[in-house]
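Chemist: The structure that follows is given in the form of structure tokens.
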Amino acid sequence: MYRNKRIALVIPAHNEEKLILATLDNVPGLVDRIYVIDDASTDGTALCVRERAVVDPRVCLLQHAHNRGPGGAIITGYKQTLVDDYDIVVVIGGDNQMPLDQICDFLDPLVNGAADYTKGNRFMRRRYAFANVPGIMPKTRLIGNAIISALTKVASGYYKIVDVVDGYTAINLDALEAIDWDQAWHGYGYPMDFLIRLNAYGFRVKDISRRAIYLPGERQSQIKGLRYALRVSPMLARGFLWRLWNKYVLWNFHPLVFFYFSGLGLTLLGLLGGLWLIYEQLTGVGVSGPRAVLDAMLLIMGTQFLLFAMMFDMQESLDLLPMDRRTGDRSTRLDKG
């Protein structure tokens, strides 16, 4: 129990035999229930959790017969917490790389009614991003994270949210009950899909500055820069279109959808037209001045429409960010408590 709120902790675990017990050792007493979701592990993860449940009655093991991915494991935990009626659900990994001594930082904005969903941000403070204990965040990870964050900002509409891949999160009961989790993404990339759905439903999201922990000799995140970005891009594109349809057409109407689709159409025509002009120039056909000007106008107009759409989308999502008590600005930064 924390400030009269029942707290559940969801831990997705796939082959975490080495680190799951260390993770459970660090769970503070304010957590009322610990759900470990064994995502079809082939090692001794389930056995370790069962042994811990004997000495810690808060621990509950949920098992998947087939691997569903980390998002699928978290969704299983979410659904169980809804059945068991918990007020707030925190999610961490089973690899002992998320600082549970900072859990109150994630809970306070939800308890205070300042946010509906909090997520870790390892880059809000430079000392957290580059002076971690015991390891230092690999710089190659920063590049991949930046690419994915940029794509997710557009797809989700949360333009001021950073470190979108971080899996250290907390969510309140209102958001848990509203979202259709059966339609959510189950594999890697689930944090971005969750953000898209939270924005479509109008929930407030807040970044929480946290330490990044990388244990020497242990496997790190699945993020591999550009390759990972290419893997999740189709999911982000589908989520982006789903969000536009539901948020700005089906549930409410906003003209920014015209800017988005006009911008995408004109830009695509301009790019295809430009490639065709280059082909004709290289094959000796030649390119007339009016055709070149027309193609340039398509590209310019398409880009302008897209920028206008992004600006409107950003303004619409500002209300979904906590307000800084000191400045009155909508921001990811908010005084603790």
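Chemist: Can you confirm whether the range 45-63 contains a residue that is part of a loop (DSSP other than H, G, I, E, B), touching a residue at least 12 places away in the same chain (Cβ under 8 Å) and not charged (D, E, K, R)?
Modeler: No, the conditions are met nowhere in the range 45-63.
Chemist: Look through Val55, Val31 and report the one residue that is modelled with pLDDT of 95 or more, surrounded by 14 or more Cβ atoms within 10 Å (Cβ to Cβ) and of a type in the set (Val, Ile, Thr).
Modeler: From the options Val55, Val31, the qualifying one is Val31.
Chemist: Here's another thing I want to ask about it. Check Glu280 against each of (1) of a type in the set (D, E, K, R); (2) closer than 30 Å to Ala114 by Cα; (3) surrounded by fewer than 16 Cβ atoms within 10 Å (Cβ to Cβ); (4) modelled with pLDDT of 80 or more and name the one condition it does not meet.
Modeler: Single failed check for Glu280: (2).
Chemist: Still on this structure: Collect the residues in the range 1-44 that are closer than 30 Å to Gly113 by Cα, in contact with a strand residue (DSSP E or B) (Cβ under 9 Å, 6 or more places away or on another chain), free of Cβ contacts under 8 Å to residues at least 60 places away in the same chain and not in a loop (DSSP other than H, G, I, E, B), keeping them in residue-number order.
Modeler: Selection gives Leu24, Arg33, Ile34, Tyr35, Val36, Ile37.
Chemist: Kindly list, by first and then second residue, each pair from a residue in the range 229-242 that is closer than 10 Å to Ala155 by Cα to a residue that is of a type in the set (Asp, Glu), limited to pairs with Cβ atoms under 7 Å and residues at least 6 apart or on different chains.
Modeler: Met235/Asp193; Gly239/Asp193
Chemist: Of all the residues that make up the range 225-249, how many are surrounded by fewer than 14 Cβ atoms within 10 Å (Cβ to Cβ) and modelled with pLDDT under 90?
Modeler: Residues meeting the conditions: 3.
Conditions tested, residue by residue: (1) buried (at least 24 other Cβ atoms within 10 Å of the Cβ); (2) touching a Lys or Arg at 6+ places or on another chain (Cβ under 9 Å).
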site: Arg3; (1), (2): no, no
site: Val10; (1), (2): yes, no
site: Ala40; (1), (2): no, yes
site: Asp43; (1), (2): no, yes
site: Cys60; (1), (2): no, yes
site: Gly72; (1), (2): no, no
site: Pro99; (1), (2): no, yes
site: Cys104; (1), (2): no, yes
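Chemist: Taking Gly337, is it of a type outside the set (Ser, Thr, Tyr), at pLDDT below 80 and at positive phi?
Modeler: For Gly337, the condition - of a type outside the set (Ser, Thr, Tyr), at pLDDT below 80 and at positive phi - is met.
Chemist: Of the residues Ile88, Ile75, Ile20, Ile37, which is farther than 28 Å from Ala178 by Cβ, aliphatic (A, V, I, L, M) and assigned by TED's automatic domain parsing to the domain that holds Asn172?
Modeler: Ile20
The values are calculated or read from the model by the stated rules, or taken from the named source; none is laboratory data. No experiment lies behind these values; they were computed from the predicted model shown. When we count neighbours, we look across all protein chains shown, and the Cβ atoms used for this are built from the backbone with ideal geometry, even at glycine.
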